[in-house]
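These notes concern the structure reproduced below.
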Amino acid sequence: MSSLEWVAAALGLVCVALAVRRSLWTYAFGVASTALLAVVVFEARLYSQALLQVFFVAINAYGFLNWRRAKAAGGEVAVERMSPRDLGVWSIGIALATLGWGWAMHLLTDAAQPLLDASIAVVSVAAQLLMARRRLENWTLWIAVDIASIPLFLGQGLRIVAGLYLVYLALAIWGYVDWHRAARAAEPVPA
């Protein structure tokens with residue numbers, strides 16, 4: 001357990017707590033946390049996770065710009081729901097990308113857990129994109145990621161990161177509840 005792992009974990013906690021609160025500051029902490037975590041997971045031979053962290057650095061800039069534009073008059077970031085069609089398209093895309101990425105990691109690298117690592121990475125990409133687009137369903141994906149990540153990181157001896165994902169799980173549940181309330185409040189009232 002390195003000090004780098006501890007710092008990445010602390011910054012990650014702040015990042016997710018700020019995302020739950022729909023604060024633009026989540027993106028500054030996200031960049032710092034993911035850059036450090038990329039080094040930690042690369043050293044553990046979790047290459048999909050390392051590439052994922054690099055992606056997160058870039059997507060944080062996109063999320064910041066999107067959230068800044070979407071702030072309501074009261075300063076809150078608006079939350080929206082996905083359509084049933086969008087849910088189906090995203091689900092199929094996630095499944096196909098997971099299979100393709102997992103197969104590539106198995107064939108081309110010495111990845112420790114190629115399919116599980118790839119599935120967590122792909123679902124994380126989808127969740128982060130949906131968060132940047134302010135979709136409530138991002139939290140459902142984050143809950144799944146957190147549940148799958150805990151045993152993956154424990155198996156690689158990354159206890160601090162596994163503990164971080166346990167806390168992320170609690171924060172994701174909180175995020176879902178909070179964002180669900182915000183989405184319901186924004187829905188038109190039937191006549």
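The values are calculated or read from the model by the stated rules, or taken from the named source; none is laboratory data. Since the structure is predicted, the reported quantities are computational estimates derived from the model, not experimental observations. Reconstructed Cβ throughout: ideal geometry from the backbone, glycine too, with neighbour counts over all protein chains shown. Accessible surface areas use protein heavy atoms only, side chains included; no ligands, DNA or RNA. Shrake-Rupley method; radii C 1.70, N 1.55, O 1.52, S 1.80 Å.
Values for this structure:
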| item | result |
| --- | --- |
| Residue in region 2-10 that is touching a Cys at 6+ places or on another chain (Cβ under 6 Å) and open to solvent by 60 Å² or more (accessible area, probe 1.4 Å) present | no |
| Extreme residue, least open to solvent (accessible area, probe 1.4 Å), among residues of region 69-104 that are part of a helix (DSSP H, G or I) and at pLDDT below 85 | ALA70 |
| Checking SER119 against (1) surrounded by fewer than 21 Cβ atoms within 10 Å (Cβ to Cβ); (2) of a type in the set (S, T, N, Q); (3) farther than 30 Å from ARG69 by Cα, the condition it does not meet | (1) |
| Residue check for ALA104: in contact (Cβ under 8 Å) with a residue 40 or more places away in the chain, among the small types (Gly, Ala, Ser) and under 28 Å from GLY157 (Cα atoms) | no |
| Residue count for region 85-101, restricted to those that are in contact (Cβ under 8 Å) with a residue 24 or more places away in the chain and more than 20 Å from the chain's Cα centre (by Cα) | 0 |
| Failed item in (1) touching a residue at least 60 places away in the same chain (Cβ under 8 Å); (2) surrounded by fewer than 21 Cβ atoms within 10 Å (Cβ to Cβ); (3) under 22 Å from ALA44 (Cα atoms), with LEU129 passing the rest | (3) |
| Selection count, region 171-186, where residues are over 13 Å from the mean Cα position of the chain (by Cα), surrounded by 14 or more Cβ atoms within 10 Å (Cβ to Cβ) and small (Gly, Ala, Ser) | 2 |
| ASN66 part of a helix (DSSP H, G or I) and closer than 17 Å to TRP179 by Cα | yes |
| Whichever residue in region 133-143 is under 10 Å from the mean Cα position of the chain (by Cα) and among the hydrophobic types (A, V, I, L, M, F, W, C) and, among such residues, is nearest to ARG184 (Cα to Cα) | TRP139 |
| Selection within region 147-170 - within 15 Å of the chain's Cα centre (by Cα) and in contact (Cβ under 8 Å) with a residue 12 or more places away in the chain | ILE147, ALA148, SER149, ILE150, VAL161, ALA162, LEU164, TYR165, LEU166, VAL167, TYR168, LEU169 |
| So LEU154, is it touching a helix residue (DSSP H, G or I) at 6+ places or on another chain (Cβ under 8 Å) and either open to solvent by 60 Å² or more (accessible area, probe 1.4 Å) or not hydrophobic (A, V, I, L, M, F, W, C) (or both) | yes |
| Residue that is surrounded by the most Cβ atoms within 10 Å (Cβ to Cβ), among those in region 17-61 that are over 17 Å from VAL167 (Cβ atoms) and among the hydroxyl-bearing types (Ser, Thr, Tyr) | SER48 |
| Residue within region 131-143 that is in a helix (DSSP H, G or I) and at pLDDT below 90 present | no |
